[in-house]
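The values are calculated or read from the model by the stated rules, or taken from the named source; none is laboratory data. A quick note: this is a predicted structure, and the numbers were derived from the prediction, not measured. Methodologically, a virtual Cβ is constructed for each residue, glycine included, from the backbone with ideal geometry; neighbour enumeration extends over all protein chains shown. Surface areas here come from the heavy atoms of the whole protein model, side chains and all, with no ligands, DNA or RNA. Shrake-Rupley method; radii C 1.70, N 1.55, O 1.52, S 1.80 Å.
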Amino acid sequence: MLYINCPHCGMRSQNEFSYGGDASVKRPELNKEVSDQEWDNFVYNRKSLRGKHLELWQHISGCRQWIKVERDTATHEIFRTFKADEEVA
Amino acid sequence: MTQAFRIENGGLINRDKKLSFKFNGKTYFGYEGDTLASALLANGVHLVGRSFKYHRPRGFFGAGVDEPYAVVQLYRNGETEPNIKATEQELFDGLEAKSVNCWPSVNFDIGAINNFLKIFLPAGFYYKTFMWPKSFWYRIYEPFIRKAAGLGVASTKHDKERYEHKYEYCDLLIAGSGPSGLAGAYAAAKNGAKVILAEDKPRFGGSLLTSDVNIGNQSGKDWAEGIIAELKTMPNVVVKNRSQIFGYYDHNMLVMSEKVSDHLPSTKKYHPNKRLWYIRAKEVLISSGSIERPIVFGNNDTPGVMLSSAAKEYLKVYGVLVGRKPLVFTNNDSGYETAIEFKKHGVDPVVLDSRKNAESEIIDEAKNLGINIKNSFVVVAAQGYKKVKSADIASISDDKKQLGKIENIQCDCICVSGFWTPTIHLASQSGNKTKFKEEIDAFVPGQSKQNEITLGAANGVFSLDETLKTSFKAGSELSKKLTKKDNEIAIPNVVEKKSSQHDKFWCVPLPKGKNYKRFLDFQNDVAVSDVEIALREGYRSIEHVKRYTTLGMATDQGKTSNLNGLQLVSEIENKVVPAVGHTTFRPPYTPVSIGAIVGREVGKHSKPTRKSPMHLWHEKNNAVFVDAGVWLRPRYYKRGNENLFEGSKREAKNVRTNVGVCDVTTLGKIDIKGPDAAELLNRVYTNAWMKLPVGKARYGVMLREDGIVMDDGTTTRISENHYHMTTTTAQAANVLSHLEYYLQLVWPELNVNVVSTTEQWAGAAIAGPKSRDLLQKLFPNSDVSNEGLPFMGFMERDLFGVKARIFRISFSGELAYEVNVESDYGNFMWEKIIELGEEFNIQPYGTEALSTLRIEMGHVAGSELDGRTIPFDNALEGLVSKKKDFIGKRSLQRSAFIAQDRQRIVGVVPLDKQTSIPEGSHLVKDDKAPLPNPKLGHISASCWSVEYDNPFSLAILKDGKNMIGQKLFAMSPLKNKVIPVEIVSSHYVDPKGERVRS
């Protein structure tokens, strides 16, 4: 079970969180013309990376904040975690 | 029967407490502190079971967790449990156990005929033999295999025992209480670290219990006892015996199974049977020791052949002689230690050492005691069927290829030592890539992967002095990092005998003209010849060889067989062992009972049960409940002998004619506040929200980004910047997360807060033509007329002193209201409604009537919003704004979603107006068409229309828009029904929606 550093609450076990997918996906702005391809990329197309991956988790049984977690998908190592509005350098 | 093989004195058992137990129906005696295995051996019982495949007799091979043979069925306190190792099960008074894998008895087993058919049961025989004819599989092969396979019988009764889970955090977790574990624990504890020390056996000390060493002028055993006693007094230390750490998971999470009660005749009141510990450790010290490995020779599975360390343990810990004429077969000094113990107890062993010459302090001691030692000698084959009677032995050439003249010597047990295999399972599970250590012919942990360190024999270090030094040091350093304390510890002086180099010899060649079975895996009956076949047939990867032959796949997971298997493959393939590699170690290290894994989450405890504040009233009024997600909701209120159909029909009819009341507390409720609240609603719902006035409710539909309907419900504007959203019961949690996602990640600029208020409000839906009259009684001073509280209106009023929210919304399609009060007043509200509704013939109605009412109105619910439909499919396209953007809008332009013949909701009536259509039935054009009959749609919900008194269903039908009036067939192969039907509008009752506005 992963041990995730919630930027709001501290180290918590994985069973307090729910997974939310790729954090690098950006929703196209509202009211903007979007091509079929762009929309498909946003809704469906994901890379399923092996290695370092920035992903979303929600601390659902804790502070309910969505956070970003930089994790290795192969080794499960967690490098850094960020608040939702934090820039990932 | 007397305990003929128990020595007069010695051992760690309590001879003052005699225990009686039964094995295969026969009564025996043992002592407190025995295992079932040691007690049976004390009584001279060596035959405990039959092997898995050939049903060959099975005895005891080890004395602990590595035991491959002695798996029994245990009976305790009216329960039975399979797959119990006799070597681990502690004896208690009244214990009963039986052999497995044998029928009709362990002494005469019909399955043993397989032993003579073994030529037909080679590696991969399952794959080859039972392939044809196909029809034989279900009728003949499968039942036969089922009967023959398995290690005991699982109980089918409900388990009365209780199991607990515990979450724990510590600085240092130590797996194993041998010398390295004790030293590490002691040093870390002295530095103030929070330490958990786990030992799988009942006694602490590991190898110190049986080895002839001296630490700080005490025997190893006494030193261990002293350390444990001191650790137990320290508040920062948890010391646990009977506790097996069986898995090393991500981020230094380890799981331990503590056997709390298995050693007792029955579990004490308030105690669990087992406790599963989830331990998050900052640092882990793996001191799991090593397991002796066998040498392979002919008939090496005969009862009486066992590990030399096990023979020593039975003698030193339990005071039991495994034989009176022991033959020790060794390739290293460990065999001598066992021989010396025999000799000290007046038994004359013969030692066969595969080495030509070897010299060490241990060997000198054996020689001084006058033990008969034969160098360059091996056991060619054990003789005897149910028990070793003699051994064929021979000298062996220096290159280990040629056997000398075979002679037969009498013996009653053969104690084998093929050197030691470090127990690296936990280290490997942590992700540590193991490396092969040439000097010991075995794998040891490599670079640490998580915060783990492996020390002592588990790391391939067999010198006690070195183990203690490194472990004290590691304990100090690991704890110093965390506690910043550095207490100096005096490392005690160690006296141990030096060993000589072991012989890299593991398998005795077959003598000419002999075809002895030489077993590698003793539990799965995998012999040298099976691996040879697998390689001959082209299997190369060790993972494939393992699966084809089942080598190492039994419940002991190859603890004694893996390395010899690798040696064999490497020899045939002419590769070095590290090039062959080992198979993956996976948790659990040893079988864990399912009860321990499940813990308290059984039956009703497997999920929370949520009840509304009116639950007690429902119970008192004969409600029949149904699970709605985690909620319990009244399905109908039973009157007399009514069944569900009759009761729900009565309740629904009463709503259509008088007034009914339904508990709608379970609906999800979300409080939304902030200046941008309207903007948020406008973005998540498909329809327009910017102009909703205060005091008004609106129905809304929300989509996922892929255009599929996610949920529907009404949202009410309570005040300028305050909204009350309702969701379906099932989607409440998802909708909240959905809103939080957009507010926190996508549109953080919106100034809005959302919070779940589902449990803050109790809700009652009052529905029916007389509902306004009732509402007037409830709120006598309020104007609840059609003008005062119009359809989709909202007001806050006082309900006899209680603040209430009144919404004029309707799911039933009748004139209806929903009244909410704070949860604590829910029952007060409910009873008032019932009391004042009496004059209007009010009846409570349950979810079944609720469904009937919404189905015949064509209102959609979860069975239509099933994660596969878009607004159009549910006839909700009128609610999809063309002007503004919202979540999922872009997806609605997908070609499939705008197809002309897109599926759409319709009503379905059986032509005979009698036959109810099973939900899930498929709609087809031709009921006689050959399979696969093209499916046009499916029945999503069915009811008995109380308005028209005939069955009515909703369906999602291809090109539904143009199908009204068509005649189709509803087919349910599950219920074996074919029903001719007519397609009608989904709005079966009051299609213009006049009632809700009346």
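General observations
- Per-residue HN-Hα couplings for region B:877-882 [Karplus 6.51, -1.76, 1.60; θ = phi - 60°; Hz; x = Gly/Pro]: 5, x, 8, 9, 5, 8
- Each residue, B:Leu482 and B:Glu822, gets one label point 7 Å from its Cα in the Cβ direction; the gap between the two is 4.6 nm.
- Percent accessible area from carbon and sulfur atoms, region A:1-66, protein chains only, probe 1.4 Å: 44 percent
- Efficiency of FRET between B:Ile491 and B:Lys269 - r from beta-carbon atoms, R0 45 angstrom, step 0.05: 0.50
- Under 16 Å from the A:His8 label point (7 Å along Cα→beta-carbon), backbone N, region B:716-758: B:736-757
- Protein-protein interface of region A:22-45, residues with accessible area decrease of at least 50 Å², isolated chain reference, 1.4 Å probe: A:Arg27, A:Leu30, A:Trp39, A:Tyr44
- Antiparallel content of DSSP bridges confined to chain B, in %, to 5: 75 percent
- Look at the dipole of region B:858-942 built from charges on Cβ: of B:Phe886, B:Asn874, B:Leu931, the Cα furthest out on the positive end belongs to B:Phe886.
- Database remark: amide H of B:Asn950 closer than 5 angstrom to the amide H of B:Ser945 (H placed geometrically; neighbours at sequence offset of 5 or more, or on other chains; Pro and chain starts carry no H).
- Think of it as helices only: each DSSP H run of n ≥ 4 in chain B is worth -39500 (n - 2.57), and spread over all residues that comes to -6000 deg cm²/dmol at 222 nm.
- Debye, to nearest 20: dipole size of region B:518-585, +1 on Lys, Arg Cβ, -1 on Asp, Glu Cβ: 140 debye
- Segment B:Arg540..B:Lys512, full-extension length gain: 7.3 nm, with 0.36 nm per residue of separation and the alpha-carbon distance subtracted.
- With 0.36 nm allotted per residue and the present C-alpha distance subtracted, the B:Asp901-B:Asp398 stretch has 172.6 nm of extension available.
- Sorting B:Thr233, B:Thr609, B:Thr729 by solvent-accessible area of protein heavy atoms yields B:Thr233, B:Thr609, B:Thr729, largest first, with a 1.4 Å probe.
- Counting Cβ atoms of other protein chains within 10 Å of each Cβ in B:739-746 and taking the mean gives 5.
- Cβ crowding within 10 Å averaged over residues, with B:259-266, B:357-364 ranked highest first: B:259-266, B:357-364
- Gained length - B:His158 relative to B:Glu839, 0.36 nm times residue gap less alpha-carbon distance: 240.2 nm
- As a size descriptor, the averaged projected area of the C-alpha convex hull of the protein assembly as shown was calculated at 51.9 nm².
- Helical content of chain A, expressed as a calculated mean residue ellipticity at 222 nm, amounts to -2500 deg cm²/dmol (DSSP H runs of 4 or more residues, -39,500 (n - 2.57) each, divided by residue number, nearest 500).
- Note on region B:776-891: percent of Cα-Cα distances in each 10 Å bin, starting at 0 and stopping at the bin with the largest distance, equals 11, 31, 31, 20, 7, 0.
- When both bridge partners sit in the protein assembly as shown, DSSP labels roughly 75% of those beta bridges antiparallel.
- Carbon + sulfur, % of accessible area of chain B - ligands and nucleic acids excluded, 1.4 Å: 52 percent
- Percent RCO, i.e. relative contact order, over chain B, from Cα pairs under 8 Å lying at least 6 residues apart: 9 percent
- 3J(HN,Hα) from dihedral phi, region B:916-932, Karplus parametrisation 6.51/-1.76/1.60, rounded to Hz, x for glycine, proline: 5, 9, x, 4, x, 4, 9, 9, 10, 7, 10, 6, 9, 4, x, 6, x
- Probe 1.4 Å, protein heavy atoms only - accessible area per residue of the protein assembly as shown in square angstrom: 43 Å²
- Remark: mean inter-chain Cβ contacts per residue of B:878-891 equal 2, using a 10 Å Cβ-Cβ cutoff to other protein chain atoms.
- Kirkwood estimate for chain B, i.e. one over the average of 1/r between Cα atoms, Å: 34.1 Å
- Estimated distance in nm for a label pair at B:Tyr385 and B:Glu831, the labels positioned 7 Å out from Cα along Cα-to-Cβ: 8.1 nm
- Ranked packing of B:709-718, B:870-879, A:53-62, most packed first, by mean Cβ within 10 Å: B:709-718, B:870-879, A:53-62
- Magnitude of the charge dipole, region B:668-839, Cβ model with Lys/Arg +1 and Asp/Glu -1, debye to 20: 340 debye
- The value of relative contact order for region B:149-247, using C-alpha pairs under 8 Å at least six residues apart, is 28 percent.
- Using a cutoff of 8 angstrom between alpha carbon atoms and counting only pairs six or more residues apart, the relative contact order for region B:266-381 works out to 21 percent.
- Candidates per chymotrypsin sites (Phe, Trp or Tyr not before Pro) in region B:559-660, loop by DSSP, up to 13 other Cβ within 10 Å: none
- Residues B:Glu407 and A:Ser48, FRET efficiency given R0 of 60 Å [Cβ-Cβ distance, rounded to 0.05]: 0.35
- Legend: residues B:Lys961, B:Lys194, B:Lys85, sorted from most to least accessible area (1.4 Å probe; ligands, DNA and RNA excluded), read B:Lys961, B:Lys194, B:Lys85.
- Projected label distance in nm at A:Glu70 and B:Ser219, using a 7 Å step from Cα toward the beta-carbon: 5.9 nm
- Accessible area that becomes buried as B packs against A, both chains, 1.4 Å probe, Å², nearest 100: 2400 Å²
- In sequence order, calculated HN-Hα J values of region B:592-603 (Karplus, 6.51, -1.76, 1.60; Hz; x Gly/Pro): 10, 6, 4, x, 5, 6, 6, x, 7, 7, 10, x
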